[in-house]
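Visitor: Got a structure for you, written out below as structure tokens; questions coming shortly.
The values are calculated or read from the model by the stated rules, or taken from the named source; none is laboratory data. Keep in mind that what you see is a predicted model, and the values were worked out from it rather than measured. All Cβ positions, even for glycine, are placed from backbone atoms using ideal geometry, and neighbour counts span all protein chains on display. For the accessible areas, the whole protein counts, side chains as well, though only heavy atoms, and no ligand, DNA or RNA atoms are used. Shrake-Rupley method; radii C 1.70, N 1.55, O 1.52, S 1.80 Å.
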Amino acid sequence: VNGSSGIAFGMATEIPPHNLGETIDGMCYLIDNPEAELSDICEYIKGPDFPTGGIIMGRAGIRAAYATGKGKIIVRGKAEIEELSNGKFRIVITEIPYKVRKEALVKKIYDLAAEKRVEGIDDVVDYSSKRDGGIRIVVDIKRDANPQVVLNKLYSYTELQTTFGANLIAIVNGKPQILTLKEMLQNCIDFQCEIIERRTAFDMKKAQERAHILEALNTAIDFIDEVISIIRTSKTIPESKERLAERFDFDDIQTTAIVQMQLGKLAGMEKQKIEDELNEKLAFIKECEEILGSQARVLDIVKTEA
């Protein structure tokens, strides 16, 4: 989606940026149809989406890049020929190819006109404005020149037309690998599944730890007077923990949680609140177990979050 250029020394990659919505649609389609062909996925991901605009000339380069991981994509800037009231023409450029510097393009056109390598250019002015957020380069054409011929020469001699060499190399399991579009999407899906499984297992462990303590607190509230008596009559914390464990069959984690609480707070705890939180944790644990036990549930979460 963001595109990428280069990984590290000796590892070139050139991934064109793509539209977020289209990419997610293609990924979700692949989740629902694991055996999908490239042509099916390309119904959703039709090609790169360059932030500077421009026009991709033909689909052959896109198809090659998506099918093999390598392809040459020809990109043209968006230019229109306008006729003025005095009968003269001008070329108005409103979009330029990806990674082309506007200032360099304007200078190149100016130099070509000055050196007379491109005949027929009267003047070139950059009217682009950051405030308006748009590119507007105006090339005035001499009265006796053919504007279409001039435009074709600009495509040939300047970066108004460029070739983006797609080279879809990514690090997969620690190794550089050329990926097709389907392989790239599948690796993304697999990674998202791994994230959700690890996250769910982590959250479930936390909930189990809390539920374990809540079970002890629930029992302690039922015998609150006895629990407080044991704590008060014990000479040391280890002794109170030992006596609580012996009386209520608590483990070390549970006894630690109880003895670390202030007696006033322990006595003031509401049984209903403890039970409600415990039931909430148990329901959450059950849901986590269902997610971890079902690849279909995991994939559904991947789609929903995407």
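Visitor: Running a GNM on the chain with Cα contacts under 10 Å, which residue among Leu185, Leu151, Leu217 ends up with the highest mean-square fluctuation?
Guide: Fluctuation is largest for Leu217.
Visitor: Taking the Cβ of Cys288 as the centre, find all other residues whose Cβ is under 14 Å away and add up their charges (Lys, Arg: +1; Asp, Glu: -1). Show your work: numbers first, answer last.
Guide: Values: positive: Arg198, Arg199, Lys205, Lys206, Arg210, Lys281, Lys286, Arg297; negative: Glu197, Asp203, Glu209, Glu280, Glu287, Glu289, Glu290.
Around Cys288, the charge tally is +1.
Visitor: Here is a follow-up. What chymotrypsin sites (Phe, Trp or Tyr not before Pro) does segment 223-278 have in DSSP loop regions with at most 15 other beta carbons within 10 Å?
Guide: Numbers: sites: Phe223, Phe248, Phe250; in loops: Phe223, Phe250.
Filter output for segment 223-278: Phe223.
Visitor: Let me ask you something else. Once both axes come from the Cα atoms, what is the angle between helix 181-222 and the longest principal axis of the chain, in degrees from 0 to 90, rounded to 10?
Guide: 20 degrees
Visitor: Give the carbon-plus-sulfur fraction of the accessible surface of the chain in %, rounded to a whole number; probe 1.4 Å, heavy atoms of protein chains only. Don't skip to the answer; put the middle values down first.
Guide: Working: 8950 of 17990 Å².
Of the solvent-accessible surface of the chain, carbon and sulfur hold 50 percent.
Visitor: Over the chain, with a Gaussian network built from C-alpha contacts below 10 Å, which listed residue (Met184, Met27, Met269) shows the highest mean-square fluctuation?
Guide: Largest GNM mean-square fluctuation: Met269.
Visitor: If you don't mind, another one. Applying the Karplus parametrisation 6.51 cos²θ - 1.76 cosθ + 1.60 with θ = phi - 60° to the phi angles of segment 260-267, what ³J(HN,Hα) value in whole Hz is obtained for each residue in order, glycine and proline being reported as x?
Guide: Per residue, the Karplus-derived 3J(HN,Hα) values read 7, 7, 5, 4, x, 5, 4, 5 Hz.
Visitor: A follow-up question, please. Taking only C-alpha pairs under 8 Å that are 6+ residues apart, what is the relative contact order of segment 4-151 in percent? If you can, show how the numbers build up before the last one.
Guide: Details: 216 pairs, mean separation 23.9, N = 148.
Computed over segment 4-151, the figure is 16 percent.
Visitor: Here's a follow-up. Along its three principal axes, how long is the chain when you only count alpha carbons? Whole Å, largest extent first please.
Guide: Taking the Cα atoms of the chain, the three principal extents are 108, 44, 38 Å.
Visitor: Rounded to the nearest 500, what is the 222 nm mean residue ellipticity of the chain from helices alone, with -39500 (n - 2.57) per DSSP H run of 4+ residues and division by all residues?
Guide: Numbers: 12 runs with 160 residues, N = 306.
The helix contribution divided over the chain gives -16500 deg cm²/dmol.
Visitor: If I take R0 = 25 Å and measure r between the Cβ atoms of Met57 and Tyr157 in this structure, what FRET efficiency does the formula 1/(1 + (r/R0)^6) give, to the nearest 0.05? Write down the numbers at each step before the final one.
Guide: Numbers: r = 17 Å, r/R0 = 0.67.
The computed FRET efficiency comes out at 0.90.
Visitor: Let me ask another. Could you calculate the FRET efficiency of Lys273 with Lys303 from 1/(1 + (r/R0)^6), where r is the beta carbon distance between them and R0 is 41 Å, rounded to 0.05?
Guide: Approximately 0.70, to the nearest 0.05.
Visitor: Filter the GluC sites (Glu not before Pro) in segment 3-35 to those in DSSP coil with at most 12 other Cβ atoms within 10 Å of their Cβ, and list the result.
Guide: Working: sites: Glu14, Glu22, Glu35; in loops: Glu35.
Counting only loop positions with at most 12 other Cβ atoms within 10 Å, the GluC sites (Glu not before Pro) in segment 3-35 are Glu35.
Visitor: Moving on. Net charge near Gln254: determine it from the other residues with C-beta under 15 Å of the C-beta of Gln254, scoring Lys and Arg +1 and Asp and Glu -1. Walk me through the intermediate numbers first.
Guide: Details: positive: Arg210, Lys241, Arg243, Arg247, Lys281; negative: Glu209, Glu215, Asp222, Glu242, Glu246, Asp249, Asp251, Asp252.
For residues surrounding Gln254, the net value is -3.
Visitor: While we're on this one: Between their Cα atoms, which of Lys78/Lys108; Lys206/Lys303; Lys78/Lys130 are more than 20 Å away from each other?
Guide: Where the Cα-Cα span goes over 20 Å, the pairs concerned are Lys206/Lys303.
Visitor: Right, next: Could you tell me which of Ile31, Phe250, Met261 has its Cα farthest along the dipole of the chain towards the positive end, charges placed at Cβ (Lys, Arg +1; Asp, Glu -1), taken about the Cα centre?
Guide: So the residue we want is Ile31.
Visitor: Among the chymotrypsin sites (Phe, Trp or Tyr not before Pro) within segment 69-150, which fall in a DSSP loop and have no more than 13 other Cβ atoms within 10 Å of their own Cβ?
Guide: Working: sites: Phe89, Tyr98, Tyr110, Tyr127; in loops: Tyr98, Tyr127.
For chymotrypsin sites (Phe, Trp or Tyr not before Pro) across segment 69-150 that sit outside H, G, I, E and B with at most 13 neighbouring Cβ atoms in 10 Å, the list reads Tyr127.
Visitor: Oh, and also: Select from Lys99, Lys286, Lys235 the residue whose mean-square fluctuation is largest in a Gaussian network model of the chain (Cα-Cα springs shorter than 10 Å).
Guide: Largest GNM mean-square fluctuation: Lys235.
Visitor: Related question: Under the Karplus relation 6.51 cos²θ - 1.76 cosθ + 1.60, θ = phi - 60°, what is the ordered set of whole-Hz ³J(HN,Hα) values for segment 151-160, x standing for Gly and Pro?
Guide: With coefficients 6.51, -1.76 and 1.60, one gets 4, 4, 5, 5, 4, 7, 9, 10, 7, 5 Hz.
Visitor: For segment 161-306, build the charge dipole from Cβ charges (+1 Lys, Arg; -1 Asp, Glu) around the Cα centre, then report which of Asn187, Met204, Ser240 sits farthest towards its positive end.
Guide: The Cα lying farthest towards the positive end belongs to Asn187.
Visitor: Placing +1 at every Lys and Arg Cβ and -1 at every Asp and Glu Cβ, with all other atoms neutral, what dipole size does the chain have around its Cα centre, in debye to the nearest 20? Kindly include the intermediate steps, with their values, before the conclusion.
Guide: Numbers: 41 positive and 50 negative charges, 357 e Å.
The dipole of the chain has a size of about 1720 debye.
Visitor: Between Gln295 and Met261, what FRET efficiency comes out of the Förster formula 1/(1 + (r/R0)^6) with R0 = 41 Å and r the beta carbon distance, rounded to 0.05? All intermediate terms of the calculation are to be shown ahead of the outcome.
Guide: On the way: r = 42 Å, r/R0 = 1.02.
Calculated transfer efficiency: 0.45.
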